[in-house]
Amino acid sequence: MTSIEILRRLVGFDTVSSKSNLALIDWVRDYLERRGVASELVHNETGTKANLWATIGPDRDGGIVLSGHTDVVPVEGQPWSSDPFTLTERGGKLYGRGTSDMKGFVAVALNAVDRFKATSLDRPVHLAFSYDEEVGCLGVPTLLEAIRLRGIRPAACIVGEPTSMKLVVGQKGILCADAHVRGHECHSSMAPDGVNAVQYAARIIDFIRQETERRYREGPFDERFNPASTTLHVGMVRGGTASNIVPRDCHFTVEIRHLPIDDPHEILQSVENHCRRTLEPEMRAVAPDTGITLSVVSKSPGLATNPEADIAAVVRRITGDNNSFAVAYATEAGHFSEAGISTIICGPGSIAQAHKPDEFIEISQIEAGDRFMQALADALGRKAAA
Ligand SMILES: [Zn+2]
């Protein structure tokens with residue numbers, strides 16, 4: 001099979017994050033089994049999804065992880081020109097959901113298995129295919145925990161998110177939290193007797209806006225990113241039941257997209273401090289059963305790999321491009337890095353095509369991915385000979 005034939009199979013599985021990815025995982029497991037490579041599956045709690053881990057080469061420490069996620073974003077409401085789950089070629093491009101983000105990388109990695117097998121690898125090549133990346137990197141932490149418990153310690157990881165095969169060594173991290181303001185309801189004509197949850201939420205939201213603007217002015221800055229500072233943002237608010245009732249509850253979301261050097265928990269703590277020290281005493285002076293809770297719902301660590309790290313040097317040698325970049329979007333790379341694995345991002349396709357109707361990958365990018373994998377196998381083989 002060629003990479004494009006593999007990609008055709010992978011795109012054919014509707015693995016939108018809300019659905020099971022098991023049909024795809026079974027297909028990959030069979031594909032590897034036919035090549036004498038055993039897979040280990042790490043399921044979610046309900047058994048409806050799985051991460052896949054497989055090792056080619058010697059069973060020992062070190063080596064490289066090739067990491068990709070198997071889930072894709074939804075297609076509802078998007079005007080597609082052809083069926084998103086049927087790979088369709090038009091004008092040198094392959095259309096289909098997940099072609100660039102990121103089944104294209106999974107396809108070139110699988111296509112390279114025979115070559116890795118034919119190379120006398122000194123260190124292992126691991127495949128790590130996860131679920132639920134697109135909904136907050138929920139799958140990969142359990143995979144990393146499983147390999148940690150098994151005592152497997154890879155040295156490096158290539159996360160194949162679409163970078164047009166450019167070397168990416170930095171990304172912002174994301175922390176998402178839910179906020180709940182519990183007020184005290186009453187008739188709106190008696191407003192001072194109540195604690196208006198929506199209005200207290202508005203004060204927290206304004207504090208968040210000021211914090212973002214302060215960082216935008218004063219930093220810290222990392223000029224590789226645009227914007228170059230950490231940003232905080234509220235994307236959803238829900239509160240109140242009627243215009244003539246002082247609302248009892250208000251819920252909103254807080255998203256912190258932070259530079260690798262910033263600690264998102266510290267930033268969330270500053271919001272929390274404002275709630276505890278300024279707002280809650282006022283609220284409780286009116287009604288003691290009121291308060292504010294902030295709870296973290298998901299977290300995706302940033303990435304700040306040294307551009308001189310071994311894995312970065314290997315990728316630079318293969319691509320012949322000495323530049324390295326940082327990206328604003330989040331990937332699983334931060335999780336691998338946090339687990340002590342030296343991690344970079346490099347994969348075929350462009351992020352500009354991701355998550356859109358008529359998502360595509362250029363055939364030339366699949367070919368570049370194939371060449372990359374061949375060169376990687378050769379590089380690992382040469383190491384064995386040295
Ligand atoms: Zn992705």
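Of all the residues in the stretch 244-271, those that are open to solvent by 40 Å² or more (accessible area, probe 1.4 Å) and closer than 16 Å to Tyr200 by Cβ number 4. Consider the stretch 135-162 and keep the residues that are surrounded by fewer than 22 Cβ atoms within 10 Å (Cβ to Cβ) and assigned to a loop (DSSP other than H, G, I, E, B). The one that is modelled with the lowest pLDDT is Gly136.
With respect to (1) under 21 Å from the mean Cα position of the chain (by Cα); (2) open to solvent by 30 Å² or more (accessible area, probe 1.4 Å), the lone exception for Gly12 is condition (1).
Scanning the stretch 166-187 for residues that are of a type in the set (A, V, I, L, M, F, W, C), within 15 Å of the ligand (Cβ to nearest atom) and out of contact with any Asp or Glu (no Cβ under 7 Å at 6 or more places or on another chain) gives a single hit, Val168.
Among the residues of the stretch 55-84, those identified as in contact with a Pro (Cβ under 7 Å, 6 or more places away or on another chain), surrounded by 14 or more Cβ atoms within 10 Å (Cβ to Cβ) and either assigned to a loop (DSSP other than H, G, I, E, B) or not assigned by TED's automatic domain parsing to the domain that holds Tyr31 (or both) are Gly57, Pro58, Gly63, Val75, Gln78, Trp80. Scanning the stretch 179-216 for residues that are small (Gly, Ala, Ser) and open to solvent by less than 80 Å² (accessible area, probe 1.4 Å) yields Ala179, Gly183, Ser188, Ala191, Gly194, Ala197, Ala201, Ala202. In the stretch 93-120, the qualifying residues are those that are more than 13 Å from the ligand (Cβ to nearest atom) and outside any helix (DSSP H, G or I), and the one that is surrounded by the fewest Cβ atoms within 10 Å (Cβ to Cβ) is Ser120. Only one entry in Ser164, Ser189 is polar (S, T, N, Q) and closer than 25 Å to Met102 by Cα, namely Ser164.
Scanning the stretch 346-384 for residues that are open to solvent by 60 Å² or more (accessible area, probe 1.4 Å) and either modelled with pLDDT under 95 or basic (Lys, Arg) (or both) yields Ile351, His355, Lys356, Arg371, Asp378, Arg382, Lys383. Filter the stretch 298-333 down to the residues that are under 19 Å from Glu255 (Cβ atoms) and part of a loop (DSSP other than H, G, I, E, B) and list them by number. Scanning the stretch 298-333 gives Pro301, Gly302, Ala328, Tyr329, Ala330, Thr331, Glu332.
I'd like to verify a number: residues in the stretch 297-317 that are open to solvent by 40 Å² or more (accessible area, probe 1.4 Å) and out of contact with any strand residue (DSSP E or B) (no Cβ under 9 Å at 6 or more places or on another chain), how many? Walk me through it before giving the result.
Here is the first cut: in the stretch 297-317, the ones open to solvent by 40 Å² or more (accessible area, probe 1.4 Å) are 297, 299, 304, 306-308, 310, 317.
Within this subset, residues satisfying the condition of being out of contact with any strand residue (DSSP E or B) (no Cβ under 9 Å at 6 or more places or on another chain) are 308, 317.
Counting residues in the stretch 297-317 that are open to solvent by 40 Å² or more (accessible area, probe 1.4 Å) and out of contact with any strand residue (DSSP E or B) (no Cβ under 9 Å at 6 or more places or on another chain) gives 2.
Given the stretch 178-296, what strands (runs of 3 or more DSSP E) lie entirely inside it while holding 2 or more residues that are of a type in the set (A, V, I, L, M, F, W, C), modelled with pLDDT of 95 or more and over 23 Å from Val327 (Cβ atoms)? Even if it seems obvious, please write down each step before you answer.
On the way: elements: 231-233, 237-239, 249-258.
Correct list: 249-258.
Tell me which residues, restricted to the stretch 327-341, are surrounded by fewer than 18 Cβ atoms within 10 Å (Cβ to Cβ) and either farther than 23 Å from Cys176 by Cα or away from the ligand (no atom under 12 Å from the Cβ) (or both). Before you say what the answer is, go through the steps one by one.
First, pick out the residues of the stretch 327-341 that are surrounded by fewer than 18 Cβ atoms within 10 Å (Cβ to Cβ): 328-329, 338, 340.
Selection gives Ala328, Glu338, Gly340.
Selection within the stretch 126-154: residues that are free of Cβ contacts under 8 Å to residues at least 60 places away in the same chain and more than 24 Å from Ser18 (Cβ to Cβ). The member of this set that is farthest from the ligand (Cβ to nearest atom) is Gly151.
Taking the options Arg90, Arg123, name whichever one is open to solvent by 40 Å² or more (accessible area, probe 1.4 Å), out of contact with any Cys (no Cβ under 8 Å at 6 or more places or on another chain) and at pLDDT below 95.
Numbers: Arg90 fails: at pLDDT below 95.
So the residue among Arg90, Arg123 that is open to solvent by 40 Å² or more (accessible area, probe 1.4 Å), out of contact with any Cys (no Cβ under 8 Å at 6 or more places or on another chain) and at pLDDT below 95 is Arg123.
Counting the residues of the stretch 18-52 that are of a type outside the set (Val, Ile, Thr), open to solvent by less than 10 Å² (accessible area, probe 1.4 Å) and under 19 Å from Glu133 (Cα atoms) gives 5.
When the stretch 55-92 is filtered for residues that are in contact with an Asp or Glu (Cβ under 7 Å, 6 or more places away or on another chain) and without any contact (Cβ under 8 Å) to a residue 12 or more places away in the chain, nothing remains.
The values are calculated or read from the model by the stated rules, or taken from the named source; none is laboratory data. These figures come from a predicted structure and were not determined experimentally. No Cβ is skipped: glycine too gets one built from the backbone with ideal geometry, and neighbour counts run over all protein chains shown. In case anyone asks, the SASA skips ligands and DNA or RNA and just uses the protein heavy atoms, side chains included. Shrake-Rupley method; radii C 1.70, N 1.55, O 1.52, S 1.80 Å.
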